[in-house]
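The values are calculated or read from the model by the stated rules, or taken from the named source; none is laboratory data. Not measured: the values here are computed from a predicted model. In this analysis, Cβ positions are derived from the backbone assuming ideal geometry, glycine residues included, and neighbour counts consider all displayed protein chains. Ligands, DNA and RNA are stripped out before the accessible areas are found, and what is left, the full protein with its side chains, is counted by its heavy atoms. Shrake-Rupley method; radii C 1.70, N 1.55, O 1.52, S 1.80 Å.
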Amino acid sequence: MNDVTTNGPPMDDAPPTLPSGPRGGGGRGRGRAGDGFGGTGVGRLRAARLGPQDIVRLGGTGLRTRPLRIFLSALGIAIGVAAMIAVVGISGSGRAEVDRRLDALGTNLLRVAPGDSLDGTEAELPHEAVAMIGRIPPVQDVAATGATDAHIYRNERIAIGRTGSLEVLAADRRLLPAVGGHVRRGRWLDSATEQYPAVVLGSTAAGRLDVHTPGTRVWLGDRWFSLVGVLDPVPLAPELDSAALVGWPAARTYLRFDGHPSTVYVRAEDSQIAAVRAVLPATAYPEKPGQVQISRPSDALAAREATESALTGLLLGLGGVALLVGGVGVGNTMVISVLERRPEIGLRRALGATRGQIRTQFVTESLLLSLIGGLGGTVLGTAITAAYALSRDWPTVVPAWASAAGIGCTLVIGMIAGLYPAVRASRLSPTEALSGS
């Protein structure tokens with residue numbers, strides 16, 4: 001009776017060995033040509049190769065058997081990705097809204113204001129400043145406002161001094177088209193109303209006075225004025241939002257206005273903005289051009305956008321921390337999974353699975369878990385962005401790179417989080433794993 005040598009469970013990456021078949025006339029230890037066995041009488045089986053579908057199927061086995069734990073782990077990843085995408089998306093939507101508003105309002109508006117004189121007091125623009133600026137050939141529109149000492153109250157019984165930080169300005173009737181403003185209710189000052197005690201309120205001023213209906217009377221400069229209109233917010237001239245605007249002639253007649261413009265708004269051809277800006281100081285105040293300040297309101301919007309970008313960077317960092325915490329959760333889930341599935345690992349190793357295949361299985365499981373969280377977070381972040389943009393009447397913008405980066409980060413985190421548990425699982429010997437020790 002022939003002796004049969006039986007090998008133990010395979011160690012490391014070596015496949016198991018099997019006894020040879022009945023020895024024939026070829027002599028002891030000689031195998032048949034092409035039988036795949038060596039001449040020792042004991043042959044080695046090659047380890048089975050796993051295709052991509054097999055790897056994904058094996059990796060998904062652990063996910064299907066523990067749905068609640070997998071959901072909670074994926075939720076941590078999803079929250080981090082959703083936070084990052086929502087921050088980027090809301091910021092991008094805000095920038096798109098700013099760009100849209102600038103396209104509608106134009107970036108060719110310049111603001112001329114008096115600076116400080118040599119003695120430290122505020123300078124005054126001459127009465128002729130508006131007319132002189134209007135003679136510059138590329139200038140398309142020019143209008144002015146003038147500061148007054150009057151105050152506005154809802155009625156005559158309001159205590160003096162409780163002005164709500166509202167200004168009363170004399171306004172050129174060409175002001176609204178020059179700054180790109182619009183009337184929300186009522187109408188703008190015209191050739192008739194600019195001469196009489198009529199007032200138009202900015203959007204903020206109307207809210208603070210709680211006066212919104214044209215025809216309502218307000219107490220202004222120790223007399224009653226009739227409200228003729230309420231403006232929408234003016235993005236390029238936000239100082240008008242908290243102002244009460246009175247016609248230029250009426251301000252002279254009823255409010256003792258001296259006629260000096262305090263701010264001049266200039267619209268010029270887009271291609272000539274730099275040239276117009278260069279000559280404005282000398283044109284507005286030929287005697288003292290150094291006491292004239294020129295600004296571009298659209299630059300203020302751009303500066304605000306830059307500030308929001310800095311805040312976006314901070315919020316992205318917080319989203320990254322949340323994503324890292326989710327990765328720690330994935331790693332914890334995978335460690336527990338390895339501990340619970342030791343018998344499965346031992347059985348697979350005993351049946352011929354190599355260490356590399358065990359590592360691949362658990363790394364794939366970690367990647368699938370992170371991918372589920374990443375995809376869920378991308379959908380959630382996009383939905384949050386869309387809901388917020390819709391509530392603000394903004395265009396919804398979610399950059400494609402943000403979604404790709406979010407999913408890419410989750411895969412990297414999944415790889416890192418699953419690597420240690422996978423290596424630990426592959427180092428389990430079949431006897432140790434099956435014994436449950």
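Could you run the Karplus curve 6.51 cos²θ - 1.76 cosθ + 1.60 with θ = phi - 60° over region 222-232 and give me ³J(HN,Hα) per residue in whole Hz, x for Gly and Pro?
Karplus values, whole Hz, x for Gly and Pro: 6, 7, 7, 10, 9, 6, 10, x, 10, 8, 6.
Cα atoms only, region 112-159: Rg and Dmax in Å?
Rg, Dmax (Cα atoms, Å): 16.4, 50.
Trypsin sites (Lys or Arg not before Pro) within region 68-146: which are DSSP loop residues with at most 10 other Cβ atoms inside 10 Å? Before the final figure, lay out the partial values.
Working: sites: Arg69, Arg95, Arg100, Arg101, Arg111, Arg135; in loops: Arg135.
Filter output for region 68-146: Arg135.
Could you tell me the extents of region 60-193's C-alpha atoms along the three principal axes, largest first, rounded to whole Å?
Projected onto its principal axes, the Cα set of region 60-193 covers 83, 50, 42 Å.
Could you sort His182, His151 by accessible area so the largest value comes first, with the probe set to 1.4 Å? List each step's numbers first, then the result.
Details: His182 115, His151 85 Å².
Heavy-atom accessible area, descending, gives His182, His151.
With no solvent and one point per C-alpha, what does the Debye sum give as log10 I(q)/I(0) for region 117-219 at q = 0.14, 0.22 Å⁻¹?
Calculated log10 I(q)/I(0) at the listed q: -0.70, -1.30.
On full extension of the chain, what length is gained from Ser295 through Val321, given 0.36 nm per residue of separation minus the C-alpha to C-alpha distance?
5.3 nm
I'd like the trypsin sites (Lys or Arg not before Pro) in region 140-228 restricted to DSSP loop residues with at most 13 other Cβ atoms within 10 Å, sorted by number.
On the way: sites: Arg154, Arg157, Arg162, Arg173, Arg174, Arg184, Arg185, Arg187, Arg208, Arg217, Arg223; in loops: Arg154, Arg157, Arg162, Arg173, Arg174, Arg187.
Counting only loop positions with at most 13 other Cβ atoms within 10 Å, the trypsin sites (Lys or Arg not before Pro) in region 140-228 are Arg157, Arg162, Arg187.
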